[in-house]
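Note sheet for the following structure.
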Amino acid sequence: MIPRLALYKNIVGKEVIEKIRAAAEPLRDKHVVHVNSTSSGGGVAEILNTLVFLMNDIGIITGWRIMFGSHSFFNITKSMHNSLQGKNWRITRNREEIYLEYCERNSIVHHLDKHDLVLIHDPQPLAMINNYVKKNYWIWRCHIDLSNPNKKTMDFFLPFIKRYDALIISSKKFKMGIDTPQFVIRPSIDPLSTKNKKISHQKARRLLFKRGIDLDKPIISQISRFDPWKNYYGVIRMFKKIREKSDAQLVLLGNMASDDPQGPLTYHKIMEKVENMDDVHVLTEHNDLLVNALQKESRFVFQNSIKEGFGLTVSEALWKETPVLGTNVGGIPLQVINGKTGFIMKDEKDGVNKAIKLLEDDELRTKMGRNGHMHVKDNFLITRHLHDYINLFKRFYPPPNLK
Ligand code: UDP
């Protein structure tokens, strides 16, 4: 089903829909383009798969370009991503050249000077701005955790970043000490997508049963890309301790995005670690309905990230009334209100204790699940996200009476 704004009326109400339409009116027929590096896998693609269509639906002519690149380009950009999240890495002349060459190749074929507004997502296409004589507005939308970036990598990117007219970040913790205007816009989920729409308990259970999951045993899960930042190994360590005290099974559902070459290696390491363990299921199927079913049927969901831009998986689980046990990084504490919509773990020992509490206390889980759903409804739905974008765009294209 193609996302159209009117379809969200039953969830957010008629008034919200009308407000969004009215707000977007001055932007009618403006040309906007989003650029990122994959059409599926990971949070950015997840958001664009809805947002781009809603923007078109309200009259903003919106395109979506996906960057192409060689294997070495994506290896370098993943290392850049990792070092912007704080990992030690050296950006050599050769790596810079490969990175810049692919930014230039993409600039030649994507014609980004033909739009009123260009939205560049994350570091992969960041330097494309350098290949144009800038006549339009450019915004860099950074989705990653910039709380403690590697200085050398940041120094490489800064001259490009400073050419942008504005930056969007997911949390004020990621603000950069530069003059470029910076706006905090929280990501969001699409409540009508296959991943988040309401499905019946029976259907969800059937989907899980077909993957060999025991329907009589409580399910704990983590659903994320197979990426070292998601700290799957920590989840496995905690699960071993949880199992000593409480009966449960662990389901790890992960995917590999085409712009993330670390996926296969992380998957193999996970498989090694669970080799002799009972009650652990590792699934790699690309299936939104399965994500939906697993988030719905889990007693709680782990989000054990070491660094996290936002973590859509948290809102996805909360929307299904499933509490989340998360770490205190990036956007996770915006979603997991400690003790209300789940728990923030101080360390693994605390994680184990909180996990057992969640497994055993039905009433607490139900209460947290309800709170979580309301928290997402009030703050993290795609309609709010769309409205935030419209407000930002109007800073560049104000209605005639405000010029
Ligand atoms: N995801 C998925 N299948 C999987 C694992 C993850 O569809 O097997 C989705 C997940 O539901 C979420 C997105 O990938 O929509 C991950 O976004 P998030 O912001 O949590 O993390 P990112 O991958 O952007 O770091």
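The values are calculated or read from the model by the stated rules, or taken from the named source; none is laboratory data. Since the structure is predicted, the reported quantities are computational estimates derived from the model, not experimental observations. Cβ placement follows ideal geometry from the backbone for every residue including glycine, while neighbour counts extend to all protein chains displayed. We work out accessible area using only protein heavy atoms, side chains counted, and drop any ligands, DNA or RNA first. Shrake-Rupley method; radii C 1.70, N 1.55, O 1.52, S 1.80 Å.
Descriptive notes on the structure:
- Taking every residue in the range 57-77 that is under 27 Å from Trp89 (Cβ atoms) and pairing it with any residue that is β-branched (Val, Ile, Thr) and open to solvent by 20 Å² or more (accessible area, probe 1.4 Å), at least 6 positions away or on another chain, the pairs with Cβ-Cβ distances below 8 Å are Ser70/Ile98; Ser72/Ile98; Phe73/Ile98; Ile76/Ile98.
Table: residues versus (1) under 21 Å from the mean Cα position of the chain (by Cα); (2) among the hydroxyl-bearing types (Ser, Thr, Tyr).
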| site | (1), (2) |
| --- | --- |
| Phe74 | yes, no |
| Thr77 | yes, yes |
| Glu101 | no, no |
| Asn106 | no, no |
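- Tallying residues that are open to solvent by 80 Å² or more (accessible area, probe 1.4 Å) and in contact (Cβ under 8 Å) with a residue 24 or more places away in the chain within the range 102-112 yields 2.
- Taking the listed residues Lys394, Lys320, the one that is more than 30 Å from Pro26 (Cβ to Cβ) and of a type outside the set (Asp, Glu) is Lys320, with no other qualifying.
- Just so you know, in the range 142-171 the residues that are among the basic types (Lys, Arg) and either touching a Gly at 6+ places or on another chain (Cβ under 6 Å) or touching a residue at least 24 places away in the same chain (Cβ under 8 Å) (or both) include one that is surrounded by the most Cβ atoms within 10 Å (Cβ to Cβ), and it is Arg163.
- Test result for Ile139, open to solvent by less than 20 Å² (accessible area, probe 1.4 Å) and within 16 Å of the ligand (Cβ to nearest atom): no
- Residue count for the range 1-28 under the criterion of being among the basic types (Lys, Arg), part of a helix (DSSP H, G or I) and either over 20 Å from Asp116 (Cα atoms) or within 25 Å of the chain's Cα centre (by Cα) (or both): the result is 3.
Okay, residues lined up against (1) within 16 Å of the ligand (Cβ to nearest atom); (2) surrounded by fewer than 17 Cβ atoms within 10 Å (Cβ to Cβ); (3) of a type in the set (Asp, Glu):
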| position | (1), (2), (3) |
| --- | --- |
| Val32 | no, no, no |
| Ser37 | yes, no, no |
| Gly41 | yes, no, no |
| Met55 | no, no, no |
| Thr62 | no, no, no |
| Ser70 | no, yes, no |
| Leu84 | yes, no, no |
| Glu96 | no, yes, yes |
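- The set of residues in the range 373-399 being touching a helix residue (DSSP H, G or I) at 6+ places or on another chain (Cβ under 8 Å) and free of Cβ contacts under 8 Å to residues at least 60 places away in the same chain consists of His373, His375.
- Residues located in the range 353-378, provided they are open to solvent by 10 Å² or more (accessible area, probe 1.4 Å) and touching a Leu at 6+ places or on another chain (Cβ under 8 Å): Lys354, Lys357, Leu364, Arg365, His373, His375
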